Structure formats: C-alpha cells, structure tokens
Amino acid sequence: MRLILDTANLKDIEYFNTHYPIEGVTTNPTILSKEGGDAVALLRQIRTILGEDKELHVQVVETQYERILMEARAIVKLLGENTFVKIPATDVGIRATKTLSAEGMGITVTAVLSPTQAMIASLAGASYVAPYVSRLENLCEDGVGCVAAIADVFAYSGTKTRILAASFKTVKEVLDVAAVGCHAATVGSDVMKKMLAHTATDTSIADFAKDWERAFGRHTLLELIPNERD
Ligand code: G3P
C-alpha cells in the first residue's frame with residue numbers, strides 16, 4: 001500500500017517528502033484553512049516541493065456543476081501533471097466526475113462513506129475513491145470493513161479505480177486497511193510519525209549504545225575503521 005501525506009503544512013511536506021517514502025500530498029478545504037494565507041500560493045509551493053512527478057490532490061470548493069468543472073480545470077492548469085481533483089461523492093460531484101474523467105482528468109472522489117458511493121464513483125471514471133475510515137469508526141460504523149468491501153467490489157469488477165483511504169486517527173487503522181487490499185492511504189504528519197515510533201525500539205538502541213561503550217569506549221565504528229588515507 002502506497003503512502004501519501006495528508007497536510008498542507010510546508011515544513012512537514014518538505015521533511016516527509018525528502019526523508020520518507022511518500023508518493024504525494026492530499027489537501028482539502030479544512031487542511032488548507034489550517035495554514036491560512038494565500039491558498040493559491042500555498043498550493044504552488046506544495047507542487048514545487050513535490051516536483052512534477054508526485055501526486056497532489058486538491059479539492060474543489062465550488063458546489064454547482066458548471067462551476068466545479070471550471071474550478072477543476074483551473075486547478076489542473078495551475079498545478080500541472082499528476083494533479084488529482086478531489087470531488088465529493090454527491091449527485092453533482094458524480095456528474096462532474098463523469099464529465100471531467102471523460103476529458104482525461106484524474107479525479108479523486110472524496111468523502112466516501114459507503115461502498116455504493118465508491119461503486120458509482122468508479123463507474124463514473126474516478127481515478128481514486130477516498131473512503132473516510134476514522135469518520136466512519138466515530139459513527140460506530142466499520143471504516144476498515146467499508147474499505148474491504150470497496151476492495152472486493154473493485155477486484156470483482158476489474159475497475160482501474162484505486163482506493164485512497166483517508167481520515168486516519170490511529171496507526172492500527174492504517175495497518176488494517178493495508179491488510180484488506182487498500183491501494184494507498186493518506187495520513188497526517190502525526191500518524192505518519194507514530195507509524196515509525198516504538199518505545200521498545202528506543203530501549204533496544206539505548207542498550208546497544210550502552211553495551212558498545214562498555215566494551216569499546218566512546219569511539220564509534222566510524223572512528224575505529226582506518227581511514228583509506230592513513
Ligand atoms: O483528506 C482528508 C481526510 O483525510 C479527512 O480527514 O481527519 O478530517 O477526518 P479527517
């Protein structure tokens with residue numbers, strides 16, 4: 001399962017894009033609102049950090065069919081190749097998805113909360129569907145089960161639409177969707193960090209350092225290995 005970063009924070013994007021195996025960035029109006037300022041300039045900066053090959057998912061704000069089409073085309077014109085326009089899974093959203101996908105635009109149908117929404121989005125030509133895992137779990141529904149059901153439906157139908165699961169509050173949710181055939185997950189910076197952090201790893205490293213120092217002193221291998229020039 002591929003990993004994407006769910007933030008518009010430039011510092012985090014710079015860090016994770018450089019050091020972690022992420023394949024792009026997703027944003028939405030709420031995520032952009034957290035950064036404030038000039039949203040267009042911010043999106044341009046995100047694209048510059050990512051380069052032209054990584055995915056950037058940007059959500060429409062317009063709510064009327066013709067205006068969504070115009071906004072989607074403007075987003076792609078602004079941000080170039082590998083930009084995916086996020087459109088909510090509503091009646092007007094599906095209409096726009098069908099039109100824009102037929103033009104060859106990459107569409108991520110977002111705010112997906114049921115497998116039937118995902119099915120319709122895929123038939124309308126969406127490149128991705130984005131089921132909201134934690135939001136479902138917080139409604140006492142089965143977020144991971146929803147992703148699993150979508151994965152089954154997509155596998156049977158042979159659709160090219162991919163699942164980009166979103167709205168993660170826990171590391172376990174990320175792992176669980178990976179195990180049911182999810183293609184990609186977009187996770188916030190905090191969850192991304194928690195995916196790697198483990199106190200037992202930290203204590204293991206501390207033990208290694210203690211044992212090494214007891215036997216060899218404070219010199220590291222780097223300092224003990226003879227330099228080629230010596
Ligand atoms: O991409 C946005 C989606 O992940 C929503 O997340 O945390 O607002 O439920 P959240």
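Here are the numbers:
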| item | result |
| --- | --- |
| Proximal charge balance of F168 [Cβ under 13 Å; K/R count +1, D/E count -1] | 0 |
| Degrees separating the helix 199-216 axis from the principal Cα axis of the chain, which is the longest one | 20 |
| Nearby lysines by direct alpha-carbon distance to K34 (threshold 30 angstrom, same-chain neighbours under 8 apart not counted) | K11, K54, K77, K86, K169, K172, K193, K194 |
| DSSP-loop GluC sites (Glu not before Pro) across the stretch 37-113, with at most 14 other Cβ within 10 angstrom | E52, E81, E103 |
| Cα-based helix-to-principal-axis angle, 10-19 vs the chain, degrees rounded to 10 | 60 |
| Using θ = phi - 60° and Karplus 6.51 cos²θ - 1.76 cosθ + 1.60, couplings along the stretch 44-52 (whole Hz; Gly, Pro as x) | 4, 5, 4, 4, 5, 5, 6, x, 7 |
| Value of [θ]222 nm, deg cm²/dmol, for the chain, DSSP H segments ≥ 4, -39500 (n - 2.57) each, nearest 500 | -16000 deg cm²/dmol |
| The chain: angle of helix 143-157 to the longest principal axis, Cα-based, in degrees nearest 10 | 70 |
| Most positive-pole-ward Cα, L123, G36, V112, against dipole of the stretch 26-146 from beta carbon charges | G36 |
| Low-density loop positions, GluC sites (Glu not before Pro), the stretch 159-230 - DSSP coil, at most 14 other Cβ in 10 Å | E228 |
| The stretch 131-196: trypsin sites (Lys or Arg not before Pro) in DSSP coil with no more than 14 other Cβ atoms inside 10 Å | K160 |
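Each reported figure results from applying straightforward, stated rules to the coordinates on display, with no laboratory input. Being a predicted model, the structure only gives us computed values, none of them experimental. All Cβ positions, glycine included, derive from the backbone under ideal geometry; neighbour counts span all protein chains shown.
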